[in-house]
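Chemist: Here it is, the structure, as structure tokens.
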Amino acid sequence: MSTLYFYPGACSLVPHIVSRELGLAVAVKAAPRPDDTGRAEYLDKVSPLGKVPALVLDDGQVITQNLAIVEYMAALGEAAGNAGVVYPKLGTLEHAQALRWLSFANSDLHPAFGPLFRPQRFSSDESAYPMIKGLASEQVLDLFAHVNGEYNERSWIANDQYSAADVYIYVTYRWAKMMGLDLAPYAGLAKMVAALQARPAVITALAEQGVPAI
Ligand SMILES: N[C@@H](CCC(=O)N[C@@H](CS)C(=O)NCC(=O)O)C(=O)O
């Protein structure tokens with residue numbers, strides 16, 4: 001059985017939910033934090049940058065990066081007769097649209113949180129942190145306004161079909177809520193989050209990570 005490493009509530013929640021949607025035999029394990037036992041081994045054998053997600057296959061091979069793991073899991077699901085559960089079939093226009101939004105979440109939305117979570121990486125001057133966090137919050141909210149417009153039009157962002165893209169957007173919404181951003185203006189997005197959190201696979205993954213619904 002392969003093992004997916006996660007930090008509770010981090011972006012690794014995306015492939016975790018995907019694996020549960022697809023019914024894949026994937027074990028999940030909390031990755032060791034910098035001061036934890038097993039950290040050196042994690043860096044050496046699994047994820048040299050100490051990041052999650054990382055999927056360790058039965059034969060010891062490792063896949064990192066959300067998009068690669070999701071794509072791999074979707075292919076396993078497709079082979080097991082679960083095509084279209086989290087990702088339209090590879091090679092279709094619908095697949096490209098889902099990948100477009102998944103990629104938006106991974107490479108636009110996700111990195112926008114960097115300065116909000118860790119302003120110290122952007123300036124050594126502590127007095128600049130509130131400004132850095134304020135600018136990052138504005139950027140995150142601009143991106144949420146963009147997706148909210150889409151969710152006002154339909155339930156799911158790509159072809160109105162539930163996909164891993166909605167899952168990734170949901171995970172970033174959790175972070176925004178945790179950071180106290182004002183999400184009240186984004187009704188379409190909030191509606192998607194509520195629908196997504198009612199899915200059995202999402203309930204299972206949250207329980208396995210020990211994190212609450214929001
Ligand atoms: N591009 C990577 C991003 C991975 C990433 O940034 N993971 C974060 C959690 S969301 C991480 O492990 N950060 C290290 C840390 O928190 O110490 C991917 O898509 O997998």
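Chemist: Name the residue, out of Glu78, Glu138, that is free of Cβ contacts under 8 Å to residues at least 24 places away in the same chain, away from the ligand (no atom under 14 Å from the Cβ) and closer than 21 Å to Pro15 by Cβ.
Modeler: Working: Glu138 fails: closer than 21 Å to Pro15 by Cβ.
The conditions single out Glu78.
Chemist: Also, quick follow-up: With Ile17, Ile63 as the choices, which residue is within 12 Å of the ligand (Cβ to nearest atom), out of contact with any His (no Cβ under 7 Å at 6 or more places or on another chain) and among the β-branched types (Val, Ile, Thr)? Break it down stepwise before answering.
Modeler: Working: Ile17 fails: within 12 Å of the ligand (Cβ to nearest atom).
After applying the criteria, what remains is Ile63.
Chemist: Separate question: Would you mind stating whether Lys51 is without any contact (Cβ under 8 Å) to a residue 24 or more places away in the chain, basic (Lys, Arg) and more than 16 Å from the ligand (Cβ to nearest atom)? Break it down into steps so the answer makes sense when it comes.
Modeler: Working: without any contact (Cβ under 8 Å) to a residue 24 or more places away in the chain: yes; basic (Lys, Arg): yes; more than 16 Å from the ligand (Cβ to nearest atom): no.
Spelling it out, it is not the case that Lys51 is without any contact (Cβ under 8 Å) to a residue 24 or more places away in the chain, basic (Lys, Arg) and more than 16 Å from the ligand (Cβ to nearest atom).
Chemist: Taking the condition at pLDDT 95 or above and away from the ligand (no atom under 14 Å from the Cβ), does Tyr87 pass? So that I can check it myself, show each step before the final result.
Modeler: Values: at pLDDT 95 or above: no; away from the ligand (no atom under 14 Å from the Cβ): yes.
So Tyr87 does not fit the description; no.
Chemist: Is it the case that segment 91-98 has a residue that's part of a loop (DSSP other than H, G, I, E, B) and near the ligand (Cβ under 9 Å from one of its atoms)?
Modeler: At the first step, the residues of segment 91-98 found to be part of a loop (DSSP other than H, G, I, E, B) are 91-92.
Keeping just the survivors that are near the ligand (Cβ under 9 Å from one of its atoms) gives none.
Taking every residue of segment 91-98 in turn, none turns out to be part of a loop (DSSP other than H, G, I, E, B) and near the ligand (Cβ under 9 Å from one of its atoms).
Chemist: Determine, yes or no, whether Leu4 is touching a Lys or Arg at 6+ places or on another chain (Cβ under 9 Å), assigned to a strand (DSSP E or B) and within 14 Å of the ligand (Cβ to nearest atom). Reasoning before the result, please.
Modeler: Values: touching a Lys or Arg at 6+ places or on another chain (Cβ under 9 Å): yes; assigned to a strand (DSSP E or B): yes; within 14 Å of the ligand (Cβ to nearest atom): yes.
Judged against the criteria, Leu4 is a match.
Chemist: If you don't mind, there's one more thing I want to ask. Somewhere in segment 101-117, is a residue away from the ligand (no atom under 16 Å from the Cβ), surrounded by 13 or more Cβ atoms within 10 Å (Cβ to Cβ), on the phi < 0 side of the Ramachandran plot and not aromatic (Phe, Trp, Tyr)? Before the answer, list the steps.
Modeler: If we filter segment 101-117 for residues that are away from the ligand (no atom under 16 Å from the Cβ), which is where we start, we get none.
No, the conditions are met nowhere in segment 101-117.
Chemist: Please work out which residue is nearest to the chain's Cα centre (by Cα), limiting yourself to segment 127-183 and to residues that are acidic (Asp, Glu) and in a helix (DSSP H, G or I).
Modeler: Step one: of segment 127-183, the residues acidic (Asp, Glu) are 138, 142, 150, 153, 160, 166, 182.
Right, trim to in a helix (DSSP H, G or I) and you get 138, 142, 150, 153, 166.
Working: Glu138: 20, Asp142: 19, Glu150: 19, Glu153: 23, Asp166: 9 Å.
Only one residue tops the list, namely Asp166.
The values are calculated or read from the model by the stated rules, or taken from the named source; none is laboratory data. Keep in mind it's a predicted model, so treat the numbers as computed, not measured. With ideal geometry, Cβ positions are generated from the backbone for all residues, glycine too; neighbour counts draw on all protein chains shown.
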